[in-house]
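Reviewing the structure listed below.
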Amino acid sequence: MSKIGKKNIIIPKESSVKIEGANLTITGPKGTKKLTINDKIFSSKINDNGFQLLPLEKKIDKKTSIMWGTYRSLINNAVTGVSRGHEKTLELTGVGFRANLKSDVLNLQLGFSHDVNFKIPKEIKITVEKQTIIKINGVDKELVSKIAADIKNLKPVEPYKAKGIKEKGQFVLRKEGKKK
């Protein structure tokens, strides 16, 4: 039995879940998300206090248990995304490191001889605060995390002076410099 899969998914009042065979449509104030579950293995039902995903078989093997928890997490992330949204905050550390927003392009000055332009997808909303803080918002948790990872990979944090792009709250293991 999956510990995560057994839990109910609480659906907020402003959000709704519509089941059509194997397709789930989750709608909320932030947007709509469509998911597909394997209806040969799982059945879904909406009860008074939320949404539940149940396996069809009485005996659950290890693979079904793993998939049960995974599908439950995906559905829960979609419900959270359409009701509250997902957010990642990135910090730029370094002399002269700054970010600017030019329509649908994020312009980054990262200590290179040229500016780095990052094209923003339509589903994602990026705001720049104080030129060194970037906030990434969206409905899809996977896409928000991927965009944050792509931006962080433009200039990873180096261990000596901790210069680069990092997530808010990310720990950077610092190294000692050269000794005389």
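The values are calculated or read from the model by the stated rules, or taken from the named source; none is laboratory data. The model shown is predicted, which means the values in this text are computed figures rather than measured ones. Here Cβ is always computed from backbone atoms with ideal geometry, including for glycine, and neighbour counts include all displayed protein chains.
Summary of computed values
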{"item": "Pick from the stretch 64-93, criterion closer than 16 Å to residue 8 by Cα and among the hydroxyl-bearing types (Ser, Thr, Tyr), ranking: surrounded by the fewest Cβ atoms within 10 Å (Cβ to Cβ)", "result": "70"}
{"item": "Single residue of the stretch 33-52 satisfying the filter (within 22 Å of the chain's Cα centre (by Cα) and loosely packed, with under 14 Cβ neighbours inside 10 Å) that is nearest to residue 86 (Cα to Cα)", "result": "34"}
{"item": "Tally of residues being on the phi < 0 side of the Ramachandran plot and outside any loop (DSSP other than H, G, I, E, B) across the stretch 143-169", "result": "15"}
{"item": "The stretch 116-142 - residue that is loosely packed, with under 11 Cβ neighbours inside 10 Å and assigned to a loop (DSSP other than H, G, I, E, B) and, of those, nearest to the chain's Cα centre (by Cα)", "result": "122"}
{"item": "The stretch 60-77 - residue that is part of a helix (DSSP H, G or I) and free of Cβ contacts under 8 Å to residues at least 60 places away in the same chain and, of those, nearest to the chain's Cα centre (by Cα)", "result": "74"}
{"item": "Filter result for residue 46 (modelled with pLDDT of 80 or more and either touching a helix residue (DSSP H, G or I) at 6+ places or on another chain (Cβ under 9 Å) or aliphatic (A, V, I, L, M) (or both))", "result": "no"}
{"item": "Looking only at the stretch 5-42, and only at residues there that are touching a strand residue (DSSP E or B) at 6+ places or on another chain (Cβ under 7 Å) and among the basic types (Lys, Arg), the one that is modelled with the lowest pLDDT", "result": "18"}
{"item": "Selection status of residue 57, without any contact (Cβ under 8 Å) to a residue 24 or more places away in the chain and outside any helix (DSSP H, G or I)", "result": "yes"}
{"item": "All positions within the stretch 94-115 that are part of a strand (DSSP E or B), surrounded by fewer than 16 Cβ atoms within 10 Å (Cβ to Cβ) and touching a Lys or Arg at 6+ places or on another chain (Cβ under 8 Å)", "result": "105"}
